[in-house]
Amino acid sequence: MWMLMALVLLSGTVVEGTTVPFTRGINLTQWLQAPGVRQVQFSRFTREDLVDIQSLGIDVIRLPVNLPGMTGPDPDFTVDPLLFFFLDQIVDWTGELGLQLILENHPASQASTAADVDRFLLPVWQQIARHYAGSAPHLLFEILNEPHGIEDTSWHEIQQAAVTAVRAIDAARVIVIAPGNWSSYRNLRLMPTYEDEHLIYTFHFYDPFVFTHQGATWTTPSMLSLAGVPFPFDAARMPAVPTALSGSWVEGALTAYRTQGRAADVEALLDIAADFARERDVPIFCGEIGVHIPNSDPRDRVFWYETVRSHLERQDIPWVMWDYQGGFGLFEAGTGEQFDFDLNEPLLAALGLRLPPQAEFVQRPDTQAFSLYSDVIETGIVENSWISAGELDFYSESAAVSGRFGISLTDIDRYNAVTFDFRPDRDLSQLVRAGFALEFRVRGNTPGTAVDVRFLDGHHAERGDLPWRMRVTVDESLTDVTWDDSWQLVQIPLSSFHEHGAWDGDFHEPQGVFDWTDVDRFEIVAEHHDLLGNRLAFDDIRIVSVPATVVATTAGVPTLARLSENYPNPFNGATVIPFDLDRTTTVDMAIFDALGRRLRTLVDGTVAAGTHRAHWDGLNDAGTAVASGTYFYRLQSAGRTVSHPMTLLR
């Protein structure tokens, strides 16, 4: 399949000399940009998300990766195998879908590019080149995002050295090369002529900057106070210069905006890149375009995208938008950024993309058990933790009760929190009334430890609302936990949580107004003291229907056999069935239809005592997908038979 894709790319042409193998793309940010590989939320996007993105008319994904955070120390800078575990899946998915994929080195730090950055770039790109040598021709390498603070000649020498390092391993890999000064189109002419047929040039475009970045906090100076800059220029709508920006370069840019903020001005700047590509006869694409959402007028923002996109296409320059979700994204502001409900329709039209049917989102109460973490953070959740010291690892093999991974927390500061942000917010009110519980497994090594588990409701500042908290403290006295480095099973009925005020920069005493119909997030937080010297592990975090007998554990072995509810339920594709055994015994786990016919055997043999998970992919024993409907999973063990229903939705 790879050989066929090498010859027939998505655009119908071969990457030789002057051809770019894509036309329109998206930067898939916030996926592999975590501070370290073990803080990555890999489930943030799935293959289904790539299918959705492709359906818009997108044919390339630019994937920013914080490579400095994903490698070992100097001098080897060994790529963490976990990063390849993630990348291989993304490479496979994009290859299967016929999408081009740009693997882009995107350091988290905005510090100037070091004069000796080649000491990092060469060994890292050689490792990546070696890993993908001879495979995945749809995969492109981009050496470094937005080099800056370094002389152009120095940067060009380093970039050439990185290209040469890759070529020693992979002679035909397409490599994206960038100019200095933040990948500026103005610096393209300073680039040397490279003797390599498999290079593509790139540049970024965010002009006029005072329009595209009004409200941005990461600029120098911060432009948070700047709002209402129009596009195109309109003297009647120009805002006054904020006091905080008086005397800065921003004031000068606003003064000059009369002659820099028109559509024709923007087009003239884009022509600089187009002229360069024609004069050099080299392939080029625009790797980033975007307008920050919060302080820009929505109609002006749409007009800017239409202006930039249409002119780039008139000049035959492919483009990649920054970004999909987030502050520059394709979704309406203030929504859950759901593909079927929240796409910004005027923006998609301005970009010339296809608009799928959109429906009105109606939040419905949860009525079934669901999982928050099981090997990975589940979909429908955005990890938004705050860890100022110590280590958070979502992929600790030593912290796993079952499966491959668990969550490890080591030496964290007081008030640090592991945060699971529901997207969209969830209505747990019916689960509270029905007696559902928060269930998780935890292990700690320090007696006297206390951590809070808590839910926060939606914060609607426009209504004067606050992020109210409901919490339970997990310690030896309140939940009968023993911090002796053995696994404990904790079940806390949702109705047992009590309100603990709100924090919005100031603490607000409880008022009894927590809203279970609008739960924004779940957190594990070091509320009472720091955890220096402490090692905590969590696994199998979920909301469950509590059985009549509550199970406790010691050293990871249940004192009573139990079959838990599957999750997710209802499900589409696959579901997980947790079960616990009090002793090593013979187990028969099978799936049955509503008529009692055995469809699939999941487990048939001797299973050790402890916690386990069976997986059903919706297929029968013959490998055929079964239809939508209600099915039953049954556990037979040690003379005991237990079964539960579940719903498959195709």
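What helices (runs of 4 or more DSSP H), lying completely within the range 186-300, carry at least 2 residues that are within 28 Å of residue 142 (Cα to Cα) and small (Gly, Ala, Ser)? Walk me through how you get there before you give the answer.
Values: elements: 209-212, 249-255, 263-280.
Result: 263-280.
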All positions within the range 20-77 that are buried (at least 18 other Cβ atoms within 10 Å of the Cβ), of a type in the set (A, V, I, L, M), part of a helix (DSSP H, G or I) and over 14 Å from the mean Cα position of the chain (by Cα): 53, 67, 70
So which residues in the range 382-421 are of a type in the set (A, V, I, L, M), touching a Phe, Trp or Tyr at 6+ places or on another chain (Cβ under 9 Å) and closer than 23 Å to residue 487 by Cβ, if there are any at all? 399, 401, 407, 409, 417, 418
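Being over 22 Å from the mean Cα position of the chain (by Cα) and touching a residue at least 40 places away in the same chain (Cβ under 8 Å) is the filter; apply it to the range 362-388 and report the residue that is farthest from residue 611 (Cα to Cα).
Of the residues in the range 362-388, the ones over 22 Å from the mean Cα position of the chain (by Cα) are 362-369.
Subset that is touching a residue at least 40 places away in the same chain (Cβ under 8 Å): 363-369.
Details: 363: 34, 364: 32, 365: 30, 366: 26, 367: 25, 368: 21, 369: 18 Å.
Step by step, filter the range 362-388, then rank; the result is 363.
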Residue 401: under 24 Å from residue 577 (Cα atoms) and surrounded by fewer than 21 Cβ atoms within 10 Å (Cβ to Cβ), yes or no? no
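Yes or no, residue by residue, for (1) more than 30 Å from residue 271 (Cβ to Cβ); (2) touching a residue at least 12 places away in the same chain (Cβ under 8 Å); (3) in a helix (DSSP H, G or I):
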{"residue": "101", "(1), (2), (3)": "no, yes, no"}
{"residue": "109", "(1), (2), (3)": "yes, yes, no"}
{"residue": "123", "(1), (2), (3)": "yes, yes, yes"}
{"residue": "140", "(1), (2), (3)": "no, yes, no"}
{"residue": "145", "(1), (2), (3)": "no, yes, no"}
{"residue": "163", "(1), (2), (3)": "no, yes, yes"}
{"residue": "169", "(1), (2), (3)": "yes, yes, no"}
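Would you check if residue 116 is closer than 19 Å to residue 164 by Cα and surrounded by fewer than 17 Cβ atoms within 10 Å (Cβ to Cβ)?
On the way: closer than 19 Å to residue 164 by Cα: yes; surrounded by fewer than 17 Cβ atoms within 10 Å (Cβ to Cβ): yes.
So residue 116 passes the test.
Kindly check whether there is at least one residue in the range 480-493 that is closer than 20 Å to residue 422 by Cα, in a strand (DSSP E or B) and touching a residue at least 24 places away in the same chain (Cβ under 8 Å). Please lay out each step first, then the result.
The initial filter retains those residues of the range 480-493 that are closer than 20 Å to residue 422 by Cα, namely 492-493.
With in a strand (DSSP E or B) added as a condition, the list becomes 492-493.
Now narrow it down to the ones that are touching a residue at least 24 places away in the same chain (Cβ under 8 Å): 492-493.
There is at least one residue in the range 480-493 that is closer than 20 Å to residue 422 by Cα, in a strand (DSSP E or B) and touching a residue at least 24 places away in the same chain (Cβ under 8 Å).
Filter the range 563-589 down to residues that are among the aliphatic types (A, V, I, L, M), more than 14 Å from residue 645 (Cβ to Cβ) and part of a strand (DSSP E or B), then give me how many there are.
Residues of the range 563-589 that are among the aliphatic types (A, V, I, L, M), as a first pass: 563, 574, 576-577, 581, 587, 589.
Filter again for more than 14 Å from residue 645 (Cβ to Cβ), leaving 574, 576, 581, 587, 589.
Narrowing the set further to residues that are part of a strand (DSSP E or B) leaves 576, 581, 587, 589.
Of the residues in that region, 4 qualify.
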Can you work out which of the residues in the range 183-197 that are farther than 30 Å from residue 246 by Cα and surrounded by 19 or more Cβ atoms within 10 Å (Cβ to Cβ) is nearest to the chain's Cα centre (by Cα)? 188
For residue 476, all conditions in the list (1) over 30 Å from the mean Cα position of the chain (by Cα); (2) outside any loop (DSSP other than H, G, I, E, B); (3) charged (D, E, K, R) hold save one; what is the number of the exception? (2)
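Rule-based calculations on the coordinates, nothing more; no lab input. These figures come from a predicted structure and were not determined experimentally. Positions of Cβ are generated from backbone atoms using ideal geometry, with glycine treated the same way; all protein chains shown enter the neighbour counts.
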